[in-house]
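The values are calculated or read from the model by the stated rules, or taken from the named source; none is laboratory data. Computed from a predicted model, the values in this text were never measured in an experiment. Because the Cβ atoms are built from the backbone with ideal geometry, glycine has one as well, and the counts that use them run over all protein chains shown. Please note that ligands, DNA and RNA were not included when accessible areas were found on the heavy atoms of the full protein model with its side chains. Shrake-Rupley method; radii C 1.70, N 1.55, O 1.52, S 1.80 Å.
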Amino acid sequence: MIKYLGSKRALLDRIVQAVGGRLPEGGRICDLFSGSARVGHALKREGFEVHSNDHNAYAHVLATTYVQADRDRWLGPAGRVLAELAEVKPEPGWFTRTFCEDARFFHPDNGARVDAMRVRIEEMALEPELEAVALVSLMEAADRVDSTAGVHMAYMKRWAPRALKPLELRMPDLLPGAGRATCLDAVEAAAEVEADLVYLDPPYNQHSYLANYHCWESLVRWDKPEVYGVANKRIDVKARKSAFNSRPGIGPALATVVERLRAPNLIVSFNDEGYLSRADLTEMLSAKGHVQVVEIDRPRYVGARIGIHDPSGKKVGTVGRLRNVEHLFVVTDRRIDLADAA
């Protein structure tokens, strides 16, 4: 899957364990801030019925591919689509100009491949799930040859070695069975959720996922928007603000989501670099039931380990710390056996 700030790849075993501990016989799970769709994919693999939601278009196609699409239905057609895309002649266009020449997120040779394949996907007029698989394959292929530290806020001064390799499509890891993917605002969607357990992994500080992954949003939407700044971010990054990226806004927004949910079980993932403290969240969530907390120490994201640099590439600052703590708040109607609960 794509490189993703806040990805729960390293925490999947803990999350699946916590979900399975509450729903040992399976059940319906809703992931209301699905992001990279790693959690939904892992839970679907374990046999849960999964509904993944995210308001960003790139996240929605990831969830459509990894949660909603049925491997038994789409693997054959997707293989034929990817084979056809691999034969498309590279042709530079908007993506190449915007993200390879005016900015340098990808090498122009690969930009031309992305442009040509994206145009061909549009021409195919595929069914939504099949189109999502094609878009995710293209997105992940571009991610493997990018020249960034993992987000689209800046790019390397010199091409990363992987950026010089040719882009190659791969089949996403589709799973058998059906799921559901929606593209809704979490606050609005919360009241409509029907699930045995809801998993919440909201944005926790000022870093906007739309801004961090604007190249993917533009690739998926293919609306060729007006762009601004050194990173050529979509102009709507300025307007599509989330209360979850605001210190005064996150508390009321998350409290509204929690209040609207009618699921009997809740798991909330939150980082100790976030705007809300462990005590804040424990107090908020205690209105829904018994709260247990699992603490997981882990390295910070790769950008923190690289350090702070100016536009010329000169290191200009120091990082305060290289590790943080992820909290899993497990909310149930009674205490359950969580060996690592604090």
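Need the failing condition index for Thr282 against (1) open to solvent by 50 Å² or more (accessible area, probe 1.4 Å); (2) at pLDDT 95 or above, just the number.
Answer for Thr282: the failing condition is (1).
Here is a list of conditions, (1) in contact with a helix residue (DSSP H, G or I) (Cβ under 6 Å, 6 or more places away or on another chain); (2) at pLDDT 95 or above, and Val319 meets all of them except one; can you say which number that is?
Failed condition: (2).
Could you say whether any residue in the stretch 61-72 is among the polar types (S, T, N, Q), within 26 Å of Met139 (Cα to Cα) and more than 14 Å from the chain's Cα centre (by Cα)? Walk me through how you get there before you give the answer.
Initial filter on the stretch 61-72 (among the polar types (S, T, N, Q)): 64-65, 68.
Pick out the ones that are also within 26 Å of Met139 (Cα to Cα) and you get 64-65, 68.
Keeping just the survivors that are more than 14 Å from the chain's Cα centre (by Cα) gives 68.
Checking the stretch 61-72: at least one residue is among the polar types (S, T, N, Q), within 26 Å of Met139 (Cα to Cα) and more than 14 Å from the chain's Cα centre (by Cα).
Only one residue in Ala190, Ala163 is over 21 Å from Phe33 (Cβ atoms), open to solvent by less than 10 Å² (accessible area, probe 1.4 Å), modelled with pLDDT of 95 or more and not in a loop (DSSP other than H, G, I, E, B). Which one?
Details: Ala190 fails: over 21 Å from Phe33 (Cβ atoms).
Among Ala190, Ala163, only Ala163 is over 21 Å from Phe33 (Cβ atoms), open to solvent by less than 10 Å² (accessible area, probe 1.4 Å), modelled with pLDDT of 95 or more and not in a loop (DSSP other than H, G, I, E, B).
Being of a type outside the set (A, V, I, L, M, F, W, C) and either surrounded by 24 or more Cβ atoms within 10 Å (Cβ to Cβ) or touching a Lys or Arg at 6+ places or on another chain (Cβ under 8 Å) (or both) is the filter here, so list the residues in the stretch 61-74 that pass it. Even if it seems obvious, please write down each step before you answer.
So the first thing to find is which residues in the stretch 61-74 are of a type outside the set (A, V, I, L, M, F, W, C), and the list is 64-66, 68, 70-73.
Across the stretch 61-74, the qualifying residues are Thr64, Thr65, Tyr66, Gln68.
Six or more apart or on different chains, Cβ atoms under 6 Å: show the pairs whose first residue is in the stretch 326-342 and surrounded by fewer than 19 Cβ atoms within 10 Å (Cβ to Cβ) and at pLDDT 70 or above and whose second is of a type outside the set (A, V, I, L, M, F, W, C) and not in a loop (DSSP other than H, G, I, E, B).
Qualifying pairs under 6 Å: Arg334/His290; Arg335/His290.
Give the stretch 204-217 a look and list any residue that's under 15 Å from the mean Cα position of the chain (by Cα) and open to solvent by less than 20 Å² (accessible area, probe 1.4 Å), or say none.
Applying the first criterion (under 15 Å from the mean Cα position of the chain (by Cα)) to the stretch 204-217 yields 204, 207-217.
Leu210, Ala211, Asn212, Tyr213, His214, Cys215, Trp216, Glu217 - these are the residues of the stretch 204-217 that are under 15 Å from the mean Cα position of the chain (by Cα) and open to solvent by less than 20 Å² (accessible area, probe 1.4 Å).
Considering each residue of the stretch 1-37, count those that are under 26 Å from Gly289 (Cβ atoms) and touching a residue at least 24 places away in the same chain (Cβ under 8 Å), and give that number. Spell out how you get there, then give the answer.
Quick first cut of the stretch 1-37, residues under 26 Å from Gly289 (Cβ atoms) only: 6, 8, 11-35.
Checking the rest, the ones that are also touching a residue at least 24 places away in the same chain (Cβ under 8 Å) come to 6, 8, 11-12, 14-16, 18-23, 27-35.
Counting residues in the stretch 1-37 that are under 26 Å from Gly289 (Cβ atoms) and touching a residue at least 24 places away in the same chain (Cβ under 8 Å) gives 22.
Scan the stretch 1-42 residue by residue and report those that are part of a helix (DSSP H, G or I), open to solvent by less than 30 Å² (accessible area, probe 1.4 Å) and not aliphatic (A, V, I, L, M).
Residues satisfying the conditions are Gly20, Gly40, His41.
Mind telling me which of the residues Asp196, Asp223, Asp173 ends up being more than 14 Å from the chain's Cα centre (by Cα), surrounded by fewer than 14 Cβ atoms within 10 Å (Cβ to Cβ) and in contact (Cβ under 8 Å) with a residue 24 or more places away in the chain? Even if it seems obvious, please write down each step before you answer.
Numbers: Asp196 fails: surrounded by fewer than 14 Cβ atoms within 10 Å (Cβ to Cβ); Asp223 fails: in contact (Cβ under 8 Å) with a residue 24 or more places away in the chain.
Just one listed residue meets the conditions, Asp173.
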